[in-house]
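See structure below.
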Amino acid sequence: MRVRRVVCPGSFDPVTNGHLDIICRAALLHDEVLVVVGANRAKLGMFTVDERVAMLKEVTGELSNVSVGTFRGLLVDYCRAQGVTAIVKGLRAVSDFEYEMEMAQMNYRLAEVETLFLTANPLYSFLRSSLVREIAAYGGNVSSLVPPVVEAQLRAKLTSPGQGAEPGR
Ligand code: PNS
């Protein structure tokens, strides 16, 4: 079966230039890309699910075959409900491999949902959302790591009363 529609899942707390690179490349390879924010553990993060979705919508706004949504529960159940047979994920470095391999094999075993890996652009192989949150929290410059709208949201979040970066994954 040809893979026309794919799901590109993640926490996206917040979306980085590395995520965006993978989403753009997935959108060139497939007819339709559903970018989905996992809402199971979102309360532990820095941004709410709605905020993450809003940022993703803004930065993917010009990609006509990309939509943004959320899912709760098992990713394979979401895929099944949407009639999607493959997940696209980015692979940054060897350190990602074990975790991603485990999830990919389990998702196939649970529901025969395939996982397609795109290797990260070397420019972004060191980049993850938790590092961005930490750098921003300590006043570092994240302008080359995230889209401008995300940089602005980080600044707003970190300067509003009672807010702070939560390290974590
Ligand atoms: O940004 P991340 O940490 O790579 O996102 C991970 C995510 C949300 C894709 C993953 O945790 C996930 O799929 N969660 C849903 C629950 C699930 O299906 N767990 C079983 C995986 S085998």
**Prompt:** Which ones in region 14-45 are crowded, with 19+ Cβ neighbours inside 10 Å and modelled with pLDDT under 95?
**Reply:** Ala42, Gly45
**Item:** Answer from Ser130, Ser125 - the residue that is hydroxyl-bearing (Ser, Thr, Tyr), modelled with pLDDT under 95 and surrounded by 14 or more Cβ atoms within 10 Å (Cβ to Cβ)
**Value:** Ser125
**Request:** Sort out which residues of region 1-13 are β-branched (Val, Ile, Thr) and at pLDDT below 95, and write them in order of number.
**Result:** Val3
**Asked** Can you name the number of the only condition in (1) within 12 Å of the ligand (Cβ to nearest atom); (2) touching a helix residue (DSSP H, G or I) at 6+ places or on another chain (Cβ under 7 Å) that Val68 fails?
**Response** (1)
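Within region 77-89, identify whether any single residue is farther than 27 Å from Glu151 by Cα, of a type in the set (Val, Ile, Thr) and either within 14 Å of the ligand (Cβ to nearest atom) or under 16 Å from the mean Cα position of the chain (by Cα) (or both), and answer yes or no. Walk me through how you get there before you give the answer.
Taking region 77-89 and keeping what is farther than 27 Å from Glu151 by Cα, we get 77-87.
From what is left, the residues that are of a type in the set (Val, Ile, Thr) are 84-85, 87.
Filter again for either within 14 Å of the ligand (Cβ to nearest atom) or under 16 Å from the mean Cα position of the chain (by Cα) (or both), leaving 84, 87.
Yes.
Given Leu118, Leu74, Leu56, Leu91, which one is closer than 21 Å to Val3 by Cβ, in contact with a Phe, Trp or Tyr (Cβ under 9 Å, 6 or more places away or on another chain) and of a type outside the set (D, E, K, R)?
On the way: Leu118 fails: in contact with a Phe, Trp or Tyr (Cβ under 9 Å, 6 or more places away or on another chain); Leu74 fails: in contact with a Phe, Trp or Tyr (Cβ under 9 Å, 6 or more places away or on another chain); Leu56 fails: closer than 21 Å to Val3 by Cβ.
Answer to the selection: Leu91.
Scan the helices (runs of 4 or more DSSP H) fully inside region 30-143 and keep the ones with 1 or more residues being in contact (Cβ under 8 Å) with a residue 24 or more places away in the chain, among the small types (Gly, Ala, Ser) and within 25 Å of Leu154 (Cα to Cα).
Values: elements: 49-59, 75-82, 94-111, 129-137.
Here the list reads 129-137.
Taking the options Ser143, Ser95, name whichever one is more than 16 Å from the ligand (Cβ to nearest atom) and surrounded by fewer than 16 Cβ atoms within 10 Å (Cβ to Cβ). Step through it out loud before you land on a result.
Numbers: Ser95 fails: more than 16 Å from the ligand (Cβ to nearest atom).
Just one listed residue meets the conditions, Ser143.
The values are calculated or read from the model by the stated rules, or taken from the named source; none is laboratory data. Please read all numbers here as calculations on a predicted model, not as lab measurements. Neighbour counts run over all protein chains shown; Cβ positions are idealised from the backbone, glycine included.
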